[in-house]
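Q: Right, I'll just put the structure down here and ask away after.
The values are calculated or read from the model by the stated rules, or taken from the named source; none is laboratory data. Because the structure is a prediction, the values reported are computed rather than measured. Neighbour counts run over all protein chains shown; Cβ positions are idealised from the backbone, glycine included.
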Amino acid sequence: MLVQLTALYAAILAVILTALAINVTVHRAKLKISLGDGGNPQMLRMIRLHGNAVEYIPLALMLMLVYEINGGSHTVLHIAGVALIAGRLLLTPDMWRSEIAGIGRRAGQSLTWLSIAALAVLNFVKVI
């Protein structure tokens, strides 16, 4: 069975995740911090940007994959995938600039949570 939709969104989200990982390395070099955040608030934000993506993206993709394998709606998968990408793109600039949770960060995290919750419910409905 092909899982083309999950593969599409996994590829896009992998690019975002890789960019965030590279960003941590770039900031480590720029700020001369080899391990941890060095007590630097900017470094801490860059680490948390990457960490937040690592915490949520794999779970969302796993839920998308299972839903797709079980014959879930392609429209729903597109909505969830676009919402996840939009969430990451809204959250990142706000968190990049400041530790204060602005509208972009709140909206981005909300889209991420909403996507995961919806996919969890849809997967649950598929099996009962």
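Q: For the range 94-112, give me each residue that is part of a loop (DSSP other than H, G, I, E, B) and of a type in the set (Gly, Ala, Ser). Break it down into steps so the answer makes sense when it comes.
A: Initial filter on the range 94-112 (part of a loop (DSSP other than H, G, I, E, B)): 98-102.
Selection gives 98, 101, 102.
Yes/no per residue for (1) among the charged types (D, E, K, R); (2) surrounded by fewer than 18 Cβ atoms within 10 Å (Cβ to Cβ); (3) within 12 Å of the chain's Cα centre (by Cα):
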{"site": "72", "(1), (2), (3)": "no, no, no"}
{"site": "91", "(1), (2), (3)": "no, no, yes"}
{"site": "95", "(1), (2), (3)": "no, no, no"}
{"site": "101", "(1), (2), (3)": "no, yes, no"}
{"site": "106", "(1), (2), (3)": "yes, yes, no"}
{"site": "115", "(1), (2), (3)": "no, no, yes"}
{"site": "121", "(1), (2), (3)": "no, yes, no"}
{"site": "126", "(1), (2), (3)": "yes, yes, no"}
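Q: Going through 81, 72, 87 one at a time, which residue ends up being under 23 Å from residue 125 (Cβ atoms), outside any helix (DSSP H, G or I) and at pLDDT 95 or above? Please lay out each step first, then the result.
A: Numbers: 81 fails: outside any helix (DSSP H, G or I); 87 fails: outside any helix (DSSP H, G or I).
Every option except 72 fails the conditions.
Residue-wise test of (1) loosely packed, with under 13 Cβ neighbours inside 10 Å; (2) at pLDDT 95 or above; (3) within 18 Å of residue 76 (Cα to Cα).
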position: 9; (1), (2), (3): no, yes, yes
position: 12; (1), (2), (3): no, yes, yes
position: 16; (1), (2), (3): no, yes, no
position: 25; (1), (2), (3): yes, yes, no
position: 29; (1), (2), (3): yes, yes, no
position: 40; (1), (2), (3): no, yes, no
position: 47; (1), (2), (3): no, yes, no
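Q: OK, next. Residues in the range 26-43: is at least one without any contact (Cβ under 8 Å) to a residue 24 or more places away in the chain, in contact with a His (Cβ under 9 Å, 6 or more places away or on another chain) and assigned to a helix (DSSP H, G or I)? First the steps, then the outcome.
A: Of all residues in the range 26-43, those without any contact (Cβ under 8 Å) to a residue 24 or more places away in the chain come to 26-40, 42-43.
Those still in the list that are in contact with a His (Cβ under 9 Å, 6 or more places away or on another chain) too: 33, 40, 42-43.
Now drop any that are not assigned to a helix (DSSP H, G or I), which leaves 42-43.
Within the range 26-43, one or more residues are without any contact (Cβ under 8 Å) to a residue 24 or more places away in the chain, in contact with a His (Cβ under 9 Å, 6 or more places away or on another chain) and assigned to a helix (DSSP H, G or I).
Q: If you don't mind, there's one more thing I want to ask. Testing residue 119 on (1) within 21 Å of residue 6 (Cα to Cα); (2) in contact (Cβ under 8 Å) with a residue 60 or more places away in the chain, one condition comes back false. Which one is that?
A: It is condition (2) that residue 119 fails.
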